[in-house]
Amino acid sequence: MFEKLRIKEHMEVAGSDGEHVGTVDKVEGETIKLTKTDAADHQHHTLPFDMVDRVEDNRIYLKVTKAEAQAAKA
């Protein structure tokens, strides 16, 4: 289990496959808001905290792959 207080702006978010998913813009409630510069549509997208597996070395690792995370982005 991770501590959501450890998630900070500009941290990289990676899928379980190690692929780059996005960069944290900020934490909003129970979601991680990603920067729009990483998105193909240049819009903010969010990921729910229940997708987070762990936080290590200024990087957030998800329980799902990059493809699965991109499909689930709100």
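The values are calculated or read from the model by the stated rules, or taken from the named source; none is laboratory data. Keep in mind it's a predicted model, so treat the numbers as computed, not measured. Here Cβ is always computed from backbone atoms with ideal geometry, including for glycine, and neighbour counts include all displayed protein chains. Protein only, heavy atoms only, side chains kept; ligands, DNA and RNA dropped before computing areas. Shrake-Rupley method; radii C 1.70, N 1.55, O 1.52, S 1.80 Å.
Two-decimal Rg/Rh of the chain from alpha-carbon positions, Kirkwood Rh?
Reported Rg/Rh, Kirkwood definition of Rh: 0.91.
What distance in nm separates the two pseudo spin-label positions at N58 and D41, each 7 Å out from Cα along the beta-carbon direction?
Modelled inter-label distance: 3.1 nm.
Of all chymotrypsin sites (Phe, Trp or Tyr not before Pro) in the chain, which ones are in loop regions per DSSP and have a Cβ with at most 16 other Cβ atoms within 10 Å?
F2
For the ranges 53-60, 22-29, what's the packing order if you count other beta-carbon atoms within 10 Å of each residue, average per peptide, and put the highest first?
Highest-to-lowest ranking by the protection proxy: 22-29, 53-60.
Per the 1.4 Å probe, what fraction of the accessible area of the chain, in percent, lies on carbon and sulfur atoms?
Roughly 48 percent, rounded to a whole number.
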